[in-house]
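Working notes for the structure below.
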Amino acid sequence: MADEKFEPGSMNGHRAVVLVSGGLDSATVLAMAKQAGFDVFALSFDYGQRHRFELEAAEKVCRSMGASRHVTLSLDLRAFGGSALTADIDVPKDRADDEMEAGIPITYVPARNTVFLSLALGWAESLDASDIFIGVNAVDYSGYPDCRTEFIQAFEQTANLATKSGVEGSAHWNIHTPLIELTKAEIIREGVALGVDFSLTHSCYDPDKTGRACGHCDSCILRRRGFESAGVPDPTPYVD
């Protein structure tokens, strides 16, 4: 797993695919890849999620940060369901910390990061790139198994075994996870230092019809707490 720190501009000319969901984590990762000098190709997914506000946010983030290209790939995971984000299942609200830490929540989308990284891998190989950035976080992550170091390490190994460039030795694949050991507050501070406009981002699982965040889902709770802990004004419009 490659989560090393890059010197600003050290990767000038190198291409990288960055997964961009529209949330504050992926926006920060995009800014970090840009600062390192990568030529950024951003990838988002219209996977049948509950709303389109995060996709609109992803488009704004990529435009504001100057991604060389931004592709939104359609992939309807509603065909499988099994998650409060892709099926008619209530999103949990106002959960205490011990509840969030007790198990994998119903907002987990089965194998989502495995699918997303696999598609990012295919695009990156077609670009002659061997670097992929993803904003997974193993500290404030609501218990998702595909946000852990063990998963990223396993996928990186798979990438090097499953691609032409990896097998022929023309490239060594790196899955960069610069946020994986940071708290939400640390991520926000990093983003602020890099000039990320967090008002463009969207994190809520269950916003109202105008896009205002509910303020009560796990994602809203972690986001709001992160801004408070970071001492940074929260630009998020909440319902209450």
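The values are calculated or read from the model by the stated rules, or taken from the named source; none is laboratory data. What you are looking at is a predicted structure, and each value in this text was computed from that prediction instead of being measured. Don't worry about glycine lacking a Cβ; one is built from the backbone with ideal geometry, like all the others, and counts go over all protein chains shown. With ligands, DNA and RNA removed, areas are computed over all heavy atoms of the protein, side chains included. Shrake-Rupley method; radii C 1.70, N 1.55, O 1.52, S 1.80 Å.
Points to keep in mind about this one:
- Output for region 62-74, where each listed residue is in contact with a helix residue (DSSP H, G or I) (Cβ under 7 Å, 6 or more places away or on another chain) and open to solvent by 50 Å² or more (accessible area, probe 1.4 Å): Ser64, His70, Thr72, Leu73
- Residues located in region 122-151, provided they are among the polar types (S, T, N, Q) and open to solvent by 40 Å² or more (accessible area, probe 1.4 Å): Ser126
- Restricted to region 36-56, and to residues there that are free of Cβ contacts under 8 Å to residues at least 60 places away in the same chain and touching a His at 6+ places or on another chain (Cβ under 8 Å), the residue that is farthest from Leu85 (Cα to Cα) is Gly37.
- Residues within region 2-47 that are modelled with pLDDT under 95 and on the phi > 0 side of the Ramachandran plot, tallied: 2
- Where a residue in region 69-98 is at positive phi and its partner, wherever it lies, is modelled with pLDDT of 95 or more and in a loop (DSSP other than H, G, I, E, B), with Cβ under 6 Å and at least six apart: Asp94/His216
- Only listed residue being open to solvent by 40 Å² or more (accessible area, probe 1.4 Å), of a type in the set (Asp, Glu) and under 18 Å from Pro207 (Cβ atoms), chosen from Glu59, Glu54: Glu59
- Filtering region 87-121 to residues that are small (Gly, Ala, Ser) and either open to solvent by 40 Å² or more (accessible area, probe 1.4 Å) or under 24 Å from Ile221 (Cα atoms) (or both) leaves Ala87, Ala96, Ala102, Gly103, Ala111, Ser118.
- Note on region 183-240: residues that are outside any loop (DSSP other than H, G, I, E, B), open to solvent by 50 Å² or more (accessible area, probe 1.4 Å) and under 17 Å from Glu56 (Cα atoms) total 1.
- The requirement of being over 21 Å from Asp128 (Cα atoms) and either open to solvent by 40 Å² or more (accessible area, probe 1.4 Å) or in a loop (DSSP other than H, G, I, E, B) (or both) is fulfilled nowhere in region 26-37; no residue meets it.
- Here Ala154 fits the description: at negative phi and open to solvent by 40 Å² or more (accessible area, probe 1.4 Å).
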